[in-house]
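Structure first, then comments.
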Amino acid sequence: MILVVGGITLLLRRSSPTQEAVTHAEQISLTGYRDNGNTSWSIQAERGSLDNGDSALEIIALTFLRESGTPIVVHGDRLSRDSSGSTLAGSVQVEQTDGLSLRTETLFWDEHNDVLESGPVSIEMATAALTAGAFHHNLDTGVTTLTHGIDAQITHGNVQYAALSNSAEANEDQLSLIGDVSIQSEDADTYTCQRLESDPSTSSIHLIGDVVGSWRGNEFSARAVLLNESGIRLHEDVTTDLNLLMMEESHDT
């Protein structure tokens, strides 16, 4: 069900008997509802045109109200809507109240599958900033998938890490970099692995899968590694320099 409220100016034109009626309006509000009657989304637009199948709106604020999790608000210059979904274009910005912010030029809203998609994006989170070649967000699960090359800056405590990976996943609680992950800290420590999991709640980074690295000049390999404010911990199938083994307990293996 969709409720349409037209605002300040409302014009109805019929140029010929065979042409569909087109409504031009200012201060437009559109609202979508779930099957249970709860509000699913709302659109506020400064002006636009509506007809039976398509719509074109300008200066948009699109809000997704999820059953669980924080609302998502999308701002854009233009929105065109047809039977396949909606395309937002022109300085598109996506905001979540948990601190996630995304910028892109064009965003597609697949209304049938509750999915947001776009090409190149830049994202800022509470403890990370990253760019990716493609963006996919499932509105039902709240999971964001990023592909086509990830370039990330991750901050935990007082340490900043630069990381590259093939893809990434993010939700309200965690950022994961996936596939051929390479990391370098501002102290010149380096790591490679198959998966990085950044947990802001504990200020820790987990490196998983074929981890190889150099920490304070000491080389090592392990199945898994934990990085936090206390230092480094190596787990499973550990091979390392003797110097690292002899360090204080907080940096043990």
- Message: Give me the residue from segment 14-48 that is at pLDDT below 80 and among the hydroxyl-bearing types (Ser, Thr, Tyr) and, out of that set, surrounded by the most Cβ atoms within 10 Å (Cβ to Cβ).
- Response: THR23
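Would you check if THR39 is within 20 Å of the chain's Cα centre (by Cα), among the β-branched types (Val, Ile, Thr) and not assigned by TED's automatic domain parsing to the domain that holds PRO200?
Here the answer is no, as THR39 does not meet what is asked.
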- Message: Out of ALA163, ALA170, I need the residue that is in contact (Cβ under 8 Å) with a residue 40 or more places away in the chain, of a type outside the set (Lys, Arg) and not assigned by TED's automatic domain parsing to the domain that holds TRP41. Which one?
- Response: ALA170
- Message: Name the single residue that is surrounded by the most Cβ atoms within 10 Å (Cβ to Cβ) among those in segment 122-138 being within 21 Å of THR106 (Cβ to Cβ) and of a type in the set (Val, Ile, Thr).
- Response: ILE123
- Message: ARG78 - would you say it is free of Cβ contacts under 8 Å to residues at least 60 places away in the same chain, assigned to a strand (DSSP E or B), within 15 Å of the chain's Cα centre (by Cα) and not assigned by TED's automatic domain parsing to the domain that holds ALA163?
- Response: no
- Inside segment 83-102, can you point out the residues that are surrounded by 15 or more Cβ atoms within 10 Å (Cβ to Cβ) and outside any loop (DSSP other than H, G, I, E, B)? GLY85, SER86, THR87, LEU88, ALA89, VAL92, VAL94, GLU95, GLN96, LEU102
- Query: For ASP82, all conditions in the list (1) modelled with pLDDT of 90 or more; (2) out of contact with any Lys or Arg (no Cβ under 7 Å at 6 or more places or on another chain) hold save one; what is the number of the exception?
  - Reply: (1)
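Yes or no, residue by residue, for (1) closer than 17 Å to SER101 by Cβ; (2) under 16 Å from the mean Cα position of the chain (by Cα):
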site	(1), (2)
ALA134	no, yes
ILE154	yes, yes
ASN158	no, no
ALA162	no, no
ARG195	no, no
- Has segment 54-61 got any residue that is under 30 Å from ASP151 (Cα atoms), within 23 Å of the chain's Cα centre (by Cα) and not in a strand (DSSP E or B)? no
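Need at least 2 residues that are modelled with pLDDT of 95 or more and among the β-branched types (Val, Ile, Thr) per element, so show me which strands (runs of 3 or more DSSP E) inside segment 106-221 make the cut, counting only ones lying wholly within it.
144-156, 175-185, 190-199, 204-215
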- Message: I need the full set of residues from segment 179-228 which are of a type in the set (Ser, Thr, Tyr) and farther than 24 Å from THR145 by Cα, in order please.
- Response: SER185, THR190, SER214, SER221
- Tell me which of these ASP199 doesn't satisfy, since it passes every other one: (1) of a type in the set (Asp, Glu); (2) closer than 18 Å to ALA128 by Cβ; (3) surrounded by fewer than 16 Cβ atoms within 10 Å (Cβ to Cβ). (3)
- Message: Being within 30 Å of SER201 (Cβ to Cβ), among the hydroxyl-bearing types (Ser, Thr, Tyr), surrounded by fewer than 16 Cβ atoms within 10 Å (Cβ to Cβ) and assigned by TED's automatic domain parsing to the domain that holds PRO200 narrows it down to one residue among THR141, THR145; which is it?
- Response: THR141
- Here are SER40, SER122, SER84: which of them is among the hydroxyl-bearing types (Ser, Thr, Tyr) and out of contact with any strand residue (DSSP E or B) (no Cβ under 6 Å at 6 or more places or on another chain)? SER84
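The values are calculated or read from the model by the stated rules, or taken from the named source; none is laboratory data. In this text the structure is predicted, and so the values were computed from the model without any measurement. Glycine also receives a Cβ, built like all others from the backbone with ideal geometry; neighbour counts cover every protein chain displayed.
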